[in-house]
Amino acid sequence: MVFKSISARQANGWLGAHATFYGGNQNPSTLGGACGYDNTFHAGFGVQTAAVSGALFRGGEACGACYQVICDYKTDPKWCLQRRSVTVTTTNFCPQNNNGGWCNPPRHHFDMSMPAFFRIARQGNEGIVPVIYRRVSCRRRGGVRFTMRGQGNFNMVMMSNVGGSGDVKAAWIKGSRMRTWMPMHRNWGANWQSSIDVRGRTLSFKLTLVDGKTLEFPNVVPSSWRFGQTFSSRNQFF
């Protein structure tokens, strides 16, 4: 990667923000947060994750989106590492508080996992650094994953390991013996709900990302599926 001046990067689509860190370890069960990922390794994201402020979270639509983040060395040479960048996946929401916190609107803020934060900032810093960031494509191994959640005739699906822009804008489901795609709606975070009972059916999905790309995932879930199971497709956004 060629590291240009901060002003040159901002002219090329980079935006200014600040970053902090949370969590004292790399336990993946602590990083899924408001997006609902049960385990960030299981979801395909590892530990390079971040909670983002409301201006970026967009009510959960940003779940799965990837950002390249660079510590602004020119602004803070004491705590920023030079010529370092990290790509993080949005897995959580950084809520606002009544005391004018860094995550309050309209601020753009990344509350990063410790492993991600200390790839761009020095150990022992004051806990907050200036950064610049930009949206980047998510590079995932394997196909998009679908985790069946819910109970009885309440069907909810968590979608993870999504490549491309990473953030799902719209979703549809089609079961065996169904002729048409049925729209799903976002229940919360990365969890999408269907209004029909699909128990005992082989399931296909269609996803549209925020960047407009659409991809179908035919017969990815077998009719023998059970709640709690995850199924990986062969298809992936690039």
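A few remarks follow.
- Taking the chain as a whole, each Cys residue has some other Cys C-beta under 4.7 Å from its C-beta.
- Sum of -39500 (n - 2.57) over DSSP H runs of 4+, divided by residues of the chain (222 nm, nearest 500): -1000 deg cm²/dmol
- Potential extension, His42-Phe238 segment - 0.36 nm per residue separation minus Cα distance: 68.6 nm
- The stretch 107-164: C-alpha gyration tensor shape, a/c 1.5 cut-off, then a/b vs b/c: prolate
- DSSP beta bridges in the chain [antiparallel fraction, %, rounded to 5]: 85 percent
- Calculated FRET efficiency for the pair Thr214/Ser176, C-beta based, R₀ 30 Å, to 0.05: 0.90
- When Ile70, Ile128 are compared by accessible area at a 1.4 angstrom probe, the order from most to least is Ile128, Ile70.
- Anchor Lys206: aspartates and glutamates whose Cα lies under 19 Å away (excluding residues fewer than 8 positions away in-chain): Glu61, Asp167, Asp197, Glu216
- When the Cα positions of Met148, Trp192, Gly166 are compared along the charge dipole of the stretch 144-233, Met148 comes out farthest toward the positive end, with charges on each C-beta of Lys, Arg, Asp and Glu.
- For the stretch 24-174, dividing the convex hull volume of the Cα atoms by the residue count gives 132 Å³ per residue.
- Packing-based ranking of 156-163, 196-203 yields 156-163, 196-203, ordered from highest to lowest mean Cβ neighbour count within 10 Å.
- Gyration tensor verdict on the stretch 47-107 (Cα atoms; rounded if a/c is under 1.5, prolate if a/b is larger than b/c, oblate otherwise): oblate
- Relative contact order (percent, whole number), the chain, Cα cutoff 8 Å, 6+ residue spacing: 21 percent
- Test item: Cα-centred dipole of the stretch 144-233, Lys/Arg +1 and Asp/Glu -1 on Cβ, debye: 240 debye
- Percent antiparallel among DSSP beta bridges (both partners in the stretch 15-135, rounded to 5): 70 percent
- Taking only alpha carbon atoms, the stretch 144-233 gives an Rg to Rh ratio of 0.92, where Rh is the Kirkwood radius.
- Inter-part distance where the stretch 122-141 and the stretch 53-82 are each reduced to a Cα centre, Å: 5 Å
- With the cut-off at under 19 Å, measuring from each backbone N in the stretch 203-238 to a point 7 Å along the Cα-to-Cβ line of Gln68 picks out 211, 238.
- Summary of packing: across the peptides 132-142, 221-231, the per-residue average of other C-beta atoms within 10 Å ranks them, highest first, as 132-142, 221-231.
- Here the dipole of the chain is about 680 debye; that uses its Cα centre as origin and unit charges on the Cβ of Lys and Arg (positive) and Asp and Glu (negative).
The values are calculated or read from the model by the stated rules, or taken from the named source; none is laboratory data. Predicted model, so just to flag it, every value in this text is computed and none were measured. Methodologically, a virtual Cβ is constructed for each residue, glycine included, from the backbone with ideal geometry; neighbour enumeration extends over all protein chains shown. Surface areas here come from the heavy atoms of the whole protein model, side chains and all, with no ligands, DNA or RNA. Shrake-Rupley method; radii C 1.70, N 1.55, O 1.52, S 1.80 Å.
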